[in-house]
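Reading through the structure tokens given below for one structure.
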Amino acid sequence: MPRLFDRALASTVPLLPRPIVRKVSARYIAGDTLTDALTTVRRLSAAGCVGTVDLLGEHVTRREQPLATKAAYREAIRRLAEENLPAGVSVKPTAFGLAVDREFCLQNLREIAAAAAEHGRFMRVDMEESEYTTATLDLVHELHRDHPNIGAVIQARLRRSPVDIESLLRERISVRLCKGIYQEAPSEALQDPDQIRLAYLRLLDRLLEAGCYAGIATHDRWLAERSLEIVRHHGLDRDQYEFQMLMGVAEPLRRRLVAGGHRVRVYVPYGGDWYAYSRRRLQENPQIATAIALSLIGRTTDTRR
Ligand code: FDA
């Protein structure tokens, strides 16, 4: 019953007042500023993790916005290098103008990729809704020709993913493999959780078999265990794959992986444009009802598991 209630509440997240969304989602976001993100990366590093920093924001419609985003990423890369922090960056193509002008977006991403390369950093290109999948993969292929420090994301639930990974493998592009967070039509994406898990494992097996450096991005304990079996099956060393998790989610699993000697990268979002990201996080949080109720009566809770 409580689970049913949680699920029902999750569907009402878009109706929640922004201050409540902000409060309950605070643990998923480093803070408003780059300094907050760097502090989080430092804390994660002390706990044995590496990071990937993401400036929040997506789906921009005006050309000035990506220019500001680009400047912010340059500064983030410079400071990560200056302070010798173990982290790269993650970027969303629609934050760099993909929905406005593809060439403009490519040029913006080229500049960030070059800045990242100059400072020895990795740049992961996040994957957004399926209407952007082809354009995003094309961008990754094009960027990777000049900048090998670029990686892609593949969403296991998308029906096209087995084909997409083959072209990434041909160019030896690193892949972050996740289930996929966006609502998609059944014609585009698997809907059944068990089928998505199996698709994930098949894709991971193929990536690792082909020698791809894969980011195993999941908080699903079952899936993490099966993924480890695949890693062992291929006899991989610890520097041939990594686990990836979102800040504030499933920290006990994260600690177990670190204790087991696996590299774990944590996604560290920051910035003032927190609303869309927070909504997605809350809609996935199974204990959202408790968190919101306590927030409404002015108490905080730690629903981390
Ligand atoms: P699942 O959803 O089954 O979650 C496993 C467990 O974690 C469950 O018990 C669940 O309740 C719990 N959990 C999940 N979210 C929680 C939360 N917010 N609070 C508390 N518990 C929570 N997607 C995408 O489409 N494009 C992308 O570029 C990325 N990038 C990305 C980077 C990284 C580092 C990660 C870890 C994930 C992504 N994702 C993503 C998101 C991904 O596609 C997926 O939606 C989430 O990781 C949830 O799927 P899981 O595999 O964790 O399983």
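The values are calculated or read from the model by the stated rules, or taken from the named source; none is laboratory data. Bear in mind the structure is a predicted one, so any value in this text is a computation, not a measurement. We place every Cβ from the backbone using ideal geometry, glycine too, and count neighbours over all the protein chains shown.
Summed over the stretch 237-284, residues that are closer than 28 Å to Pro14 by Cβ and without any contact (Cβ under 8 Å) to a residue 60 or more places away in the chain total 3.
So is Val163 among the β-branched types (Val, Ile, Thr), within 16 Å of the ligand (Cβ to nearest atom) and either assigned to a helix (DSSP H, G or I) or touching a helix residue (DSSP H, G or I) at 6+ places or on another chain (Cβ under 7 Å) (or both) or not? Steps first, answer last, please.
Working: among the β-branched types (Val, Ile, Thr): yes; within 16 Å of the ligand (Cβ to nearest atom): no; either assigned to a helix (DSSP H, G or I) or touching a helix residue (DSSP H, G or I) at 6+ places or on another chain (Cβ under 7 Å) (or both): yes.
Answer is no for this residue.
Tell me which residues, restricted to the stretch 157-170, are closer than 25 Å to Met245 by Cβ and loosely packed, with under 15 Cβ neighbours inside 10 Å. Of everything in the stretch 157-170, just one residue is closer than 25 Å to Met245 by Cβ and loosely packed, with under 15 Cβ neighbours inside 10 Å, namely Pro162.
If you go through the stretch 112-120 one residue at a time, do you hit one that is within 10 Å of the ligand (Cβ to nearest atom), of a type in the set (Gly, Ala, Ser) and part of a loop (DSSP other than H, G, I, E, B)? Checked against the condition, which is being within 10 Å of the ligand (Cβ to nearest atom), of a type in the set (Gly, Ala, Ser) and part of a loop (DSSP other than H, G, I, E, B), the stretch 112-120 yields no hits at all.
Restricting attention to the stretch 74-104, the residues that are more than 16 Å from the ligand (Cβ to nearest atom) and either surrounded by fewer than 16 Cβ atoms within 10 Å (Cβ to Cβ) or part of a helix (DSSP H, G or I) (or both) add up to 15.
The single residue among Arg176, Arg172 that is among the charged types (D, E, K, R), over 20 Å from Leu98 (Cα atoms) and not in a loop (DSSP other than H, G, I, E, B) turns out to be Arg176. Yes or no: the stretch 4-27 includes at least one residue that is modelled with pLDDT of 95 or more, farther than 21 Å from Glu128 by Cβ, surrounded by 16 or more Cβ atoms within 10 Å (Cβ to Cβ) and of a type outside the set (Lys, Arg). No, the stretch 4-27 contains no residue that is modelled with pLDDT of 95 or more, farther than 21 Å from Glu128 by Cβ, surrounded by 16 or more Cβ atoms within 10 Å (Cβ to Cβ) and of a type outside the set (Lys, Arg).
Given the stretch 192-305, what helices (runs of 4 or more DSSP H) lie entirely inside it while holding 1 or more residues that are modelled with pLDDT under 95 and either of a type in the set (Lys, Arg) or within 9 Å of the ligand (Cβ to nearest atom) (or both)? Before the answer, list the steps.
Details: elements: 193-209, 221-233, 251-259, 275-284, 288-296.
Hits in the stretch 192-305: 275-284, 288-296.
Applying the condition of being surrounded by 18 or more Cβ atoms within 10 Å (Cβ to Cβ) and basic (Lys, Arg) to the stretch 121-156 and asking which residue is farthest from the ligand (Cβ to nearest atom) yields Arg121.
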